[in-house]
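The values are calculated or read from the model by the stated rules, or taken from the named source; none is laboratory data. Just so it is clear, the structure is predicted and the values come from calculations on it, not from any experiment. Every residue, glycine among them, receives a Cβ derived from its backbone with ideal geometry; neighbour counts consider all protein chains shown. Each accessible area value is taken on the protein alone, full model and side chains, heavy atoms only, with ligands, DNA and RNA left out. Shrake-Rupley method; radii C 1.70, N 1.55, O 1.52, S 1.80 Å.
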Amino acid sequence: MQSKFFSNLLLLLFLNLLVKPFWIFGIDRNVQILVGTSVYGTYFTIFNLTLILNIVLDLGLTSFNNRNIAQNHNLLRKHFSNTLIVKLLLSVVYTVVVFLVGFFYGLKGHEFILLGAMSFNQFLLSLILYLRSNISGLLLFRVDSLLSVMDRILAILLVGIMLFIPTFRSSFTIEWFVWAQTAAYGFTAMTAFVIVVSKAGLPKITWNWPFYMMVMRQSLPFAVLVLLMSLYNRLDPLLLGALLPDSIADHQTGIYAQAYRLLDTATMIAYLFSVLLLPLFANMLARKVTVQRLVRLSFSLLFAGSVLVSVATWFFKMELIELLYPQTAQEGALAYGEKVQLASTLLGLLMTGFIAISSTYVVGTLLTADGRMKALNITAAAGMVLSVLLNWVLIPHYLSVGSGIASVVTQYITAGVQVYLAYRYFKFRFDLLFVSRLALYPVLLIGLGFLIRELSYNWLTELGLFVAFGLLISFLLKLINIPYLVDLLKGNVEGA
């Protein structure tokens, strides 16, 4: 299983590293620069609103389905028709809920048009993830990897034409950006549907209410977990809009979105681990195979990568913001300088939370695969309450920086609890040498950062040196054990 995990992880990372960073920095970033910080701030707020409520579209069905099919492949043919109908019924409920919440949140005029289009996009995206859960549940990871980037490739082509051809660029609107994503999601959903039908047969429209109730009852704990995690991960922009005066809310939210973009990219890559790990953990636990070696392998890789990225971002945060968001003709030097200062402070702050987020994609996924939903939901609920309280106290005084502080504190506390739960439930053997290496790694990287920043080279050269020496340190500490990974790929490791 370790060999299967690592070989498919390489493919998944390769495809997503090619496509998704280009989408975020080449497309999404340019859209924000073109339409302006405040307009994008409105889009970002509505996007997070539809994303948080996305749980109504799913109610844990995707995670439940992925885990069940990974444990018993025969369930695909048996349950596909019924689970698809549940998915479509939930979309109707979602539409009603989204517009009600949008109304009470205070959206007006064209914002409702955006809300409608973006909620439809969330339906298509949720449908894609549900269809992919059937594919990854069958352990068809290569097919799932290709589907994971198809929507973004299509969206890059469509939006790229609009951004880089002068005729379209001159009249570009945020609505065009949303509708291009609609087209990309729609085509990908149809492709995924055809693949699943080839494995499960055409769905039959039947009304099986006892089955629907059974699925909803069993998937509800997954739904609650996703909702609570979405709340404390994505609530910040909504609270900025709710707690700040209208005169500054969109601007502060737009700057928060600039800083959040790099974290979103990094998190997207870390999330890929959980995509592979959930069905693998579920399959191994069902066969009563020990998971400790796979947990250690995946945790080491993610920890080494997340610490390296977080520390590098902290030392080069201002240069990264200036590179990603150059001064526009509409901005004065003073206003631009203030924006860069705020965005870089937020960037460094938010990226420190990436280490905690990464750990939850391993231990949280393991606990989910084992069905430890009650403990996970209590942890997530506590995290959500803590996030709201911290935001409520900090935002009025520190604006978007206060929201960033609340996010980081919440992430580390919830991650720490999940690590403790995994250690307790699975009775993992405590390895003092391994834990010491984990603790030493960030200390050495911080020292390396101070040393390299004393050099008088171009900042990109310094960043390259930091990454190179940082990787070398991870190799020396055996957090990334290259000989072991090579043997793993070759199938030369016992138990792989």
Does Ser198 count as closer than 22 Å to Leu124 by Cβ, modelled with pLDDT under 80 and surrounded by fewer than 16 Cβ atoms within 10 Å (Cβ to Cβ)?
yes
I'd like the full set of residues that are part of a helix (DSSP H, G or I) and open to solvent by 10 Å² or more (accessible area, probe 1.4 Å), limited to the range 368-379.
Thr368, Met373, Lys374, Ala375, Asn377, Ile378, Thr379
Within the range 417-455, tally of residues that are closer than 16 Å to Thr360 by Cβ and in contact (Cβ under 8 Å) with a residue 24 or more places away in the chain
8
Pairs returned, first residue in the range 111-135 that is closer than 15 Å to Leu57 by Cα and free of Cβ contacts under 8 Å to residues at least 60 places away in the same chain, second residue that is polar (S, T, N, Q) and in a helix (DSSP H, G or I), beta-carbon separation under 6 angstrom, 6 or more apart or interchain, are none
Going by the conditions given, is Ser145 of a type outside the set (Asp, Glu) and buried (at least 21 other Cβ atoms within 10 Å of the Cβ)?
yes
Take residues that are at pLDDT 85 or above and tell me which of the helices (runs of 4 or more DSSP H) falling wholly in the range 402-496 contain 1 or more.
432-453, 459-476
The lone exception for Gly402 - which of (1) farther than 23 Å from Gly254 by Cβ; (2) out of contact with any Pro (no Cβ under 6 Å at 6 or more places or on another chain); (3) open to solvent by less than 40 Å² (accessible area, probe 1.4 Å) it fails:
(1)
So which residues in the range 366-396 are small (Gly, Ala, Ser) and farther than 13 Å from Thr414 by Cα, if there are any at all?
Ala369, Gly371
Against the conditions (1) free of Cβ contacts under 8 Å to residues at least 12 places away in the same chain; (2) under 13 Å from Ser306 (Cβ atoms), where does Thr352 fall short? Just the number, please.
(1)
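For every residue, the table says whether it meets (1) under 22 Å from the mean Cα position of the chain (by Cα); (2) modelled with pLDDT of 85 or more; (3) surrounded by fewer than 23 Cβ atoms within 10 Å (Cβ to Cβ).
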{"position": "Gly337", "(1), (2), (3)": "no, no, yes"}
{"position": "Val340", "(1), (2), (3)": "no, no, yes"}
{"position": "Met351", "(1), (2), (3)": "yes, yes, no"}
{"position": "Ala356", "(1), (2), (3)": "yes, yes, yes"}
{"position": "Val362", "(1), (2), (3)": "yes, yes, no"}
{"position": "Leu366", "(1), (2), (3)": "yes, yes, no"}
{"position": "Ala382", "(1), (2), (3)": "yes, yes, yes"}
{"position": "Val385", "(1), (2), (3)": "yes, yes, yes"}
{"position": "Leu394", "(1), (2), (3)": "no, yes, yes"}
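Yes/no per residue for (1) open to solvent by 20 Å² or more (accessible area, probe 1.4 Å); (2) small (Gly, Ala, Ser); (3) part of a helix (DSSP H, G or I); (4) in contact with a Ser or Thr (Cβ under 6 Å, 6 or more places away or on another chain):
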position: Val92; (1), (2), (3), (4): yes, no, yes, no
position: Val96; (1), (2), (3), (4): yes, no, yes, no
position: Val101; (1), (2), (3), (4): yes, no, yes, no
position: Leu115; (1), (2), (3), (4): no, no, yes, no
position: Leu129; (1), (2), (3), (4): yes, no, yes, yes
position: Ser133; (1), (2), (3), (4): no, yes, yes, yes
position: Asp151; (1), (2), (3), (4): no, no, yes, yes
position: Thr167; (1), (2), (3), (4): yes, no, yes, no
Is at least one residue of the range 60-67 at pLDDT 70 or above, part of a helix (DSSP H, G or I), aromatic (Phe, Trp, Tyr) and within 20 Å of the chain's Cα centre (by Cα)?
no
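Quick check on my filter: what residues within the range 165-188 are over 14 Å from Gln32 (Cα atoms) and either of a type in the set (Ser, Thr, Tyr) or at pLDDT below 90 (or both)?
Within the range 165-188, Ile165, Pro166, Thr167, Phe168, Ser170, Ser171, Thr182, Tyr185, Thr188 qualify.
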